[in-house]
């Protein structure tokens, strides 16, 4: 009798392992990429093709899994940074300075997320997000934004988070979103100035 159930059991076990590994590898592939056609400008990365109806299957599956409503090509383009100018992963215990001039756009927004793309909450009355209207600028239209868990004078983005995080810079109503000249854009620089948080959690 034992031999009677051995073959069906082995077949079932093989199917479970096969489907399990297949599902796991597909999920990991979606985590690893937002699709083909990505561009990298310094520390910033964007996937302009993911926003289009002609997006590749990986990009479409990534969109469906994340449940996000992406901006249309004429509406804007989001750039993400996970490392600083030295190539080191962004750390919630460190302070960074984002400096430069934003690419052509009617407006922009800046906020932080965890590695699962969940927007970070800095707490009540703290600047957990900035936009082009709230950022202080110099006479040449450049800006210096301090990204830090500790309060700073000027433009400050509060990142009260433990561990790695991402910065998301979204250009709204920008002519570059549907342009083939994206690679020529000059993006702001993200420089680490120190580490060690002193805020009270």
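Just a few scattered comments:
- Here residue 97 meets each of (1) at pLDDT below 95; (2) outside any loop (DSSP other than H, G, I, E, B); (3) closer than 17 Å to residue 193 by Cβ with one exception, condition (1).
- Within the range 105-113, the presence of at least one residue that is surrounded by 13 or more Cβ atoms within 10 Å (Cβ to Cβ), over 18 Å from residue 81 (Cβ atoms) and in contact with a strand residue (DSSP E or B) (Cβ under 7 Å, 6 or more places away or on another chain) is confirmed.
- Close pairs from the range 108-121: first in the same structural domain as residue 90 (by TED's automatic domain parsing), partner surrounded by fewer than 13 Cβ atoms within 10 Å (Cβ to Cβ) and part of a loop (DSSP other than H, G, I, E, B), Cβ under 9 Å, at least 6 apart: 114/163; 115/163; 117/68
- Selection of the range 167-186 for residues being at pLDDT 70 or above and either crowded, with 20+ Cβ neighbours inside 10 Å or over 17 Å from residue 84 (Cα atoms) (or both) yields 167, 169, 170, 171, 172, 173, 185.
- Checking the stated criteria, residue 77 turns out not to satisfy the condition of being in contact with a helix residue (DSSP H, G or I) (Cβ under 8 Å, 6 or more places away or on another chain), on the phi < 0 side of the Ramachandran plot, modelled with pLDDT under 90 and assigned to a loop (DSSP other than H, G, I, E, B).
- Note on the range 139-176: residues that are in contact (Cβ under 8 Å) with a residue 60 or more places away in the chain, in a loop (DSSP other than H, G, I, E, B) and within 21 Å of residue 76 (Cβ to Cβ) total 4.
The values are calculated or read from the model by the stated rules, or taken from the named source; none is laboratory data. Given the structure is predicted, the values throughout are model-derived calculations rather than measurements. Reconstructed Cβ throughout: ideal geometry from the backbone, glycine too, with neighbour counts over all protein chains shown.
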